[in-house]
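The values are calculated or read from the model by the stated rules, or taken from the named source; none is laboratory data. Note that the structure is predicted; figures quoted are calculated from it, not measured. Note that we place each Cβ from the backbone using ideal geometry, even for glycine, and neighbour counts take in every protein chain shown. Just the protein is used for accessible areas: all its heavy atoms, side chains included, with ligands, DNA and RNA removed. Shrake-Rupley method; radii C 1.70, N 1.55, O 1.52, S 1.80 Å.
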Amino acid sequence: ERERERPSEAAARTTRAVGPRSGTMMGDTMGFFGGGFMVNQGPFVETFRVNSMIMHDKEDKENGDKIILPMSAFEKLANMHISYPMQFELLNEAVMDLTGADAKEFRTHVGVLEFTAPEGKCFIPHWIMCKLSLEEGSFLRVKSVNLPLASFIKFRPQSEDFLEISNQKQFL
C-alpha cells in the first residue's frame with residue numbers, strides 16, 4: 001500500500017518553477033477549474049516587422065511617440081508584472097550588427113497607442129523609423145522597460161528673445 005503524502009510534499013510536487021523567461025507556474029496545477037496560471041517575470045521581448053503609421057490609416061499619429069502592436073503582444077503583457085503606463089525600448093539590431101555602432105544610436109523609447117496591428121507587425125511614426133534607420137518591412141526589437149522618473153530638466157533658449165520675457169517660469 002502507498003503511504004499518504006504530507007500536504008507540503010503534495011504542494012511541492014504541484015508547484016514548479018519554469019524560469020524567468022517562460023514564467024513560473026504558481027499554485028495547484030489542477031486548481032478549481034483544472035488548470036494553473038502563468039506569471040511571466042522577465043521583460044517582454046519580441047521582434048516585429050515595422051511599418052509607418054500611414055500604412056495603418058493613422059496619419060494623425062505620425063507626430064507622436066506611441067506605437068501600435070498586435071493583440072498577441074497585449075495577451076503576453078497581460079500575464080506579466082509590468083508597470084503602467086507601458087513603456088518600450090525600440091532597437092534596430094540589424095544596423096548595429098552591420099555598422100558596429102553603439103546601441104544608443106539605434107534605440108529609442110515609446111509608449112503604446114493600441115493593440116490593433118496584424119500579427120507579426122507593428123506600426124510606428126515615420127520620424128522614429130528615420131531615427132532608427134528603418135525602412136518599411138524591416139525588423140524591429142520591442143522590449144518592455146521601466147524608465148525612471150525624471151528628477152531634473154534644463155532648458156536652453158533657442159534665441160535671445162526668450163530673455164526678454166519678464167516671467168519666464170510662467171511662460172514655460
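For region 1-100, give me every one of the helices (runs of 4 or more DSSP H) that falls completely inside it and has 3 or more residues that are closer than 15 Å to residue 117 by Cβ and modelled with pLDDT of 60 or more. Steps first, please.
Values: elements: 7-14, 71-78, 93-99.
Where helices (runs of 4 or more DSSP H) fall fully within region 1-100 and carry at least 3 residues being closer than 15 Å to residue 117 by Cβ and modelled with pLDDT of 60 or more, they are 71-78.
Please work out which one of (1) assigned to a loop (DSSP other than H, G, I, E, B); (2) free of Cβ contacts under 8 Å to residues at least 12 places away in the same chain; (3) under 18 Å from residue 65 (Cβ atoms); (4) open to solvent by less than 90 Å² (accessible area, probe 1.4 Å) is the condition residue 157 fails and give its number.
Of everything listed in (1) assigned to a loop (DSSP other than H, G, I, E, B); (2) free of Cβ contacts under 8 Å to residues at least 12 places away in the same chain; (3) under 18 Å from residue 65 (Cβ atoms); (4) open to solvent by less than 90 Å² (accessible area, probe 1.4 Å), residue 157 misses just condition (3).
Counting only residues that are under 15 Å from residue 44 (Cβ atoms) and not hydrophobic (A, V, I, L, M, F, W, C), which one in region 121-154 is surrounded by the fewest Cβ atoms within 10 Å (Cβ to Cβ)?
Here the answer is 146.
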